[in-house]
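Structure first, commentary second.
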Amino acid sequence: MEDVITFDSFMSARPEDIQIAVDGYERRTGMQHIDFCVTLTIPPTTASFYKRYNEFKNFDASLKAAFPGVELPKFPSKFALVNKNEVR
């Protein structure tokens with residue numbers, strides 16, 4: 001059974017307790033886009049899901065709107081997410 005993080009549990013969490021990680025990516029056969037594996041942790045629950053870059057970027061914008069007083073990390077470029085060892 002997959003863990004579920006509800007909107008209420010997300011909004012009631014302390015910002016410092018929320019952890020978001022991009023654990024990898026997958027280019028599916030025949031598809032033109034890349035799906036990124038995102039892991040969201042709000043203790044004690046952890047959930048993973050796949051999102052396209054633009055969906056993940058919209059999620060980042062939603063976080064900034066929901067927590068306007070919290071300094072969030074800079075959102076990475078798509079290049080940085082796919083090629084972690086390369087620098088431009």
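Each reported figure results from applying straightforward, stated rules to the coordinates on display, with no laboratory input. Small disclaimer: the values here were computed from a predicted structure and weren't measured. Glycine also receives a Cβ, built like all others from the backbone with ideal geometry; neighbour counts cover every protein chain displayed.
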- Message: Testing the spin-label approximation: label points 7 Å from Cα along Cα→Cβ at Asn54 and Gln32. State their distance in nm.
- Response: 1.0
- Task: Step through the residues of region 62-69 one at a time and calculate ³J(HN,Hα) from phi using the Karplus curve (6.51 cos²θ - 1.76 cosθ + 1.60, θ = phi - 60°), rounding each to whole Hz and writing x for Gly and Pro.
- Result: 5, 4, 5, 6, 6, 10, x, x
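Quick one: order Leu63, Leu72 by neighbouring beta-carbon count within 10 Å, fewest to most.
Working: Leu63 16, Leu72 12.
By the 10 Å Cβ count, ascending: Leu72, Leu63.
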- Task: Pop a pseudo-label 7 angstrom from the Cα along the beta-carbon direction at both Gln19 and Phe7 and give the gap in nm to one decimal.
- Result: 2.7
- Item | Positive-end residue, region 7-68 charge dipole about Cα centroid, Cβ charges, pick of Ala47, Pro68, Phe36 | Phe36
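Stick to Cα atoms and the Kirkwood definition of Rh, then tell me Rg/Rh for region 7-68. All intermediate terms of the calculation are to be shown ahead of the outcome.
Values: Rg = 13.0 Å, Rh = 12.7 Å.
So for region 7-68, dividing Rg by the Kirkwood Rh gives 1.02.
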- Do you know the relative contact order of region 7-68, to the nearest whole percent, from alpha carbon pairs under 8 angstrom that are 6+ apart? 26
- Message: In whole Hz and in residue order, list the ³J(HN,Hα) couplings for region 75-80 that follow from phi through the Karplus curve 6.51 cos²θ - 1.76 cosθ + 1.60, θ = phi - 60°; x for Gly and Pro.
- Response: 6, x, 6, 4, 4, 5
- Give the long-range amide H neighbours of Arg52: residues separated by 5 or more places, or on another chain, with amide H under 5 Å away, using H modelled in the peptide plane at 1.01 Å from N. Phe36
